[in-house]
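The values are calculated or read from the model by the stated rules, or taken from the named source; none is laboratory data. Being a predicted model, the structure only gives us computed values, none of them experimental. Here the Cβ is made from the backbone with ideal geometry for all residues, glycine too, and neighbour counts use every protein chain on show. Note: accessible area is taken over every heavy atom of the protein model, side chains too, but ligands, DNA and RNA are not part of it. Shrake-Rupley method; radii C 1.70, N 1.55, O 1.52, S 1.80 Å.
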Amino acid sequence: MSNETSLDFASVQAILTSESITAHGSELHGVLTGLVCAGFTFESEDYIVMINDLFNNGEGLPREVKSLVKSMFAQVWSDIIDDTYSFQLMLPDDDDSIVERGHALSVWVQGFNLGFGLQQKNKAVLSEDVKEVLIDFAEIANLSDEMEEDEDTEQAYFEIAEYVRISALLCFTELGSPPESKSAEETVH
């Protein structure tokens, strides 16, 4: 993904930390992705209120964080509807420790399940595939932080992260609501 404006974990986490928001960048990305994959509409801005409630005790987010959340939401949408499957989980770089990356994957999945649950709370009908994904994600969310820095752990991490990425796309395919096509005059900014 060579998009110049794409956000990475380190820059997102730096903004959250500098604004004293005690959220994990991966968790925030997971929540937004869970909302989108469960059918949250692109046109709605209710996600900002949800993020305020979840990550800032219902208080308004600092301007820079609110802008960051909006950018993340737009990026999730852009990546998830891209035909080239450019959607990626927002996780620390491969040069970070496996413990840090494993923890980030765990909180990403927790965030996804939270966002998904917030959007799907009134919809009881899910396919068997989506139900299985949610069960698997609940297990992945409980990954141990005690990981060995070895090749087997690296391989397992890569496989689990790829499974999570593909599973999120599956959920979106089944439940997502692609953005409505509107002319530029109709779009409200």
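Below is a table of values for the structure above.
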read-out: Residue pairs meeting the criteria (Cβ under 6 Å; at least 6 apart or on separate chains; first more than 14 Å from Thr41 (Cα to Cα), in the stretch 70-85; second basic (Lys, Arg) and loosely packed, with under 15 Cβ neighbours inside 10 Å); value: none
read-out: Of residues in the stretch 162-176 being in a helix (DSSP H, G or I) and among the small types (Gly, Ala, Ser), the one surrounded by the most Cβ atoms within 10 Å (Cβ to Cβ); value: Ala168
read-out: Residue among Val99, Val107 that is over 12 Å from the mean Cα position of the chain (by Cα) and not charged (D, E, K, R); value: Val99
read-out: Qualifying residue in the stretch 136-149 (condition: over 22 Å from Ala23 (Cα atoms) and at pLDDT 95 or above); value: yes
read-out: Per-region count, the stretch 86-128, residues without any contact (Cβ under 8 Å) to a residue 24 or more places away in the chain and within 22 Å of Glu146 (Cβ to Cβ); value: 4
read-out: Residue list for the stretch 89-104, filter: small (Gly, Ala, Ser) and loosely packed, with under 15 Cβ neighbours inside 10 Å; value: Ser97
read-out: Qualifying residue in the stretch 154-161 (condition: out of contact with any His (no Cβ under 9 Å at 6 or more places or on another chain), hydrophobic (A, V, I, L, M, F, W, C), open to solvent by less than 40 Å² (accessible area, probe 1.4 Å) and more than 23 Å from Gly25 (Cα to Cα)); value: no
read-out: Residues satisfying the stated conditions in the stretch 105-140, i.e. of a type in the set (Gly, Ala, Ser) and surrounded by 13 or more Cβ atoms within 10 Å (Cβ to Cβ); value: Ser106, Gly111, Gly115, Gly117
read-out: Whichever residue in the stretch 22-52 is without any contact (Cβ under 8 Å) to a residue 12 or more places away in the chain and among the charged types (D, E, K, R) and, among such residues, is most open to solvent (accessible area, probe 1.4 Å); value: Glu45
